[in-house]
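Just below is one structure, and these are the notes that go with it.
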Amino acid sequence: MKLDKGTQGPGLVLRRVAMSATAAALSAGAVFGGGLATAAHADSATLTGVVLGVGADETQRVLSWYSSAGTAQVVQVAPASKVVDGRFPANAVTFPATVTANVVNGGYNAHATIDSLKQNTVYSYRVGAEGNWSPTYSFTTQDFNGNNLDFLFFGDPQIGSSGDVAKDGAGWEDTLNVALAANPKAELLVSGGDQVESANTETQWNAFLASDKLRQYPWAATIGNHDVGGKAYEQHFWTPNTDRSAPYYNGSATTRSGGDYWFTYKNILFIDINSNAYASGSDAAHIAYITDVVNKHGAGAKHTVLIYHHAIYSPASHANDADNKVRRQDFPTAFSKLGVDLVLQGHDHSYSRSYVIKNGQKANKDEQPGATEVSKGPGGVIYVTANSASGSKYYDLTAPDTTKDPNYGPDPLNPKSHWANSVENQEHVRTYVRVQVRGNKLVVENLRSGTCAAPNAAVELGQESWCGPDSGATAAQPVGSTVDKVVIHTNEGKAGEDKQAASESDWLQ
Ligand SMILES: [Fe+2]
């Protein structure tokens with residue numbers, strides 16, 4: 001590979017591969033699947049489903065896409081300021097893609113990692129090859145230093161679950177537009193799983209990936225039970241640091257997707273596990289994976305955020321599923337001991353925010369329902385479940401039922417709710433979760449991205465009979481309004497942190 005250290009723009013030290021050298025680089029580095037011999041030339045490949053993903057850290061991004069042909073392809077990147085009238089500069093850098101034959105639905109999937117990104121820079125990029133480029137997209141890096149990070153968490157878009165892909169896609173696209181208009185400096189879009197209803201149905205994936213926001217902000221994919229039963233999830237999303245050992249799959253890896261992965265972003269450690277695999281020792285294997293990642297990479301992390309699909313403190317229809325009862329026993333004590341701060345989950349298409357939970361118990365019996373400020377303390381963990389981000393399907397809150405699980409009964413302070421949850425909410429409107437990391441604080445909010453009006457597929461199609469707060473008794477609240485907000489103090493008394501917390505104490509005002 002040719003290295004060029006002298007011609008990049010200021011501060012840009014990306015590996016440069018001259019186009020003339022690209023073919024040689026690809027032949028050495030790319031992994032091609034079967035059928036290459038009959039592949040078309042690059043200039044005839046149809047490129048679809050381009051999606052920006054997270055890399056191993058804040059200096060990386062990953063591009064994944066589909067190609068109709070298994071030809072040599074790259075991602076080309078340049079500072080946006082150097083791209084004039086759509087023309088990339090001569091010193092634009094290219095990163096070779098790995099191109100692999102799809103195992104379902106034909107064609108190929110490609111991915112490439114962009115690295116050595118600089119902070120506070122707008123980059124333009126396109127995928128493909130000379131003579132056959134995708135449209136040009138852009139993304140922006142923020143300040144890589146400091147303790148501030150905003151990211152957004154989205155539950156179960158599950159495109160197709162209402163039965164109307166177009167309506168589900170419209171709600172999803174609107175939530176992305178609303179969320180990113182309100183939070184243009186969000187640095188990550190984090191998935192709660194269930195991107196689509198049917199794992200290998202590409203029309204649903206096309207609708208999921210339709211928004212250009214997914215080419216501008218990195219998507220941290222999470223696998224849901226609706227994604228797991230096919231290979232399309234893995235074909236669409238390449239993830240960093242992924243362990244594809246057997247325990248991280250619930251069945252054959254030749255026909256199903258899976259794997260656990262992690263990344264760091266600034267000083268936050270994110271760990272994302274495939275909760276579909278839970279039986280036959282998989283929960284223990286997940287804990288071993290998380291333990292290993294925390295041991296190796298947690299020392300420099302200010303906070304640890306864990307993400308998986310199946311909410312263990314479900315507020316709604318999945319509250320007492322057999323698999324959920326198992327995870328509820330298997331996970332919480334380990335997460336406390338590992339110093340996990342925040343757990344982000346999906347699956348229940350309704351919102352919940354737990355009390356501070358330590359070793360599977362409420363840490364402070366006096367913590368009040370809906371408290372707007374909590375101190376986590378050592379071993380304390382907050383568990384959040386995201387509501388539907390697309391409006392394709394909602395689940396109604398369920399009453400605690402100790403006949404189904406004696407360990408998941410009512411909250412003495414609020415018997416309508418499950419004991420673990422400070423807040424449970426369902427209004428049949430689209431919402432998303434915003435997390436603002438501010439030094440020793442995590443601010444978690446559930447925000448409305450829609451109203452009862454379209455796009456709201458489940459309501460439009462009559463699958464819900466009411467809409468709005470208090471089971472529809474109260475008028476729907478406006479887009480952007482707050483369902484829940486909590487400031488979580490994570491200061492665990494480490495040396496030097498009190499002073500920092502004090503100096504940041506006025507940031508909310
Ligand atoms: Fe779901």
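Quick notes on this structure:
- Close pairs from the range 342-361: first in contact (Cβ under 8 Å) with a residue 24 or more places away in the chain and at positive phi, partner more than 16 Å from the ligand (Cβ to nearest atom) and among the charged types (D, E, K, R), Cβ under 8 Å, at least 6 apart: 359/337; 360/328
- Residue 178 among the β-branched types (Val, Ile, Thr), within 16 Å of the ligand (Cβ to nearest atom) and surrounded by fewer than 24 Cβ atoms within 10 Å (Cβ to Cβ): no
- Across the range 267-299, the number of residues qualifying as among the hydrophobic types (A, V, I, L, M, F, W, C) and surrounded by 19 or more Cβ atoms within 10 Å (Cβ to Cβ) comes to 10.
- All strands (runs of 3 or more DSSP E) inside the range 326-427 with 2 or more residues being over 13 Å from residue 311 (Cα atoms) and in the same structural domain as residue 306 (by TED's automatic domain parsing): 373-375, 380-385, 414-418, 421-425
- One residue stands out in the range 181-195 among those that are farther than 18 Å from residue 54 by Cβ and touching a residue at least 60 places away in the same chain (Cβ under 8 Å): the one that is farthest from the ligand (Cβ to nearest atom), namely 182.
- Matching entry among 198, 162 (being touching a Lys or Arg at 6+ places or on another chain (Cβ under 8 Å), within 16 Å of the ligand (Cβ to nearest atom) and either outside any strand (DSSP E or B) or assigned by TED's automatic domain parsing to the domain that holds residue 311 (or both)): 162
- The combined condition, being in contact with a strand residue (DSSP E or B) (Cβ under 7 Å, 6 or more places away or on another chain) and buried (at least 24 other Cβ atoms within 10 Å of the Cβ), is fulfilled by residue 235.
- The range 211-239 - residue that is over 23 Å from residue 104 (Cβ atoms) and assigned to a loop (DSSP other than H, G, I, E, B) and, of those, farthest from the ligand (Cβ to nearest atom): 216
- Flag if residue 73 is of a type outside the set (A, V, I, L, M, F, W, C) and buried (at least 17 other Cβ atoms within 10 Å of the Cβ): yes
- On inspection, residue 127 fails the criterion of being more than 16 Å from the ligand (Cβ to nearest atom), over 27 Å from residue 201 (Cβ atoms) and of a type in the set (A, V, I, L, M, F, W, C).
The values are calculated or read from the model by the stated rules, or taken from the named source; none is laboratory data. What you are looking at is a predicted structure, and each value in this text was computed from that prediction instead of being measured. Backbone-built Cβ (ideal geometry, glycine too); neighbour counts: all protein chains shown.
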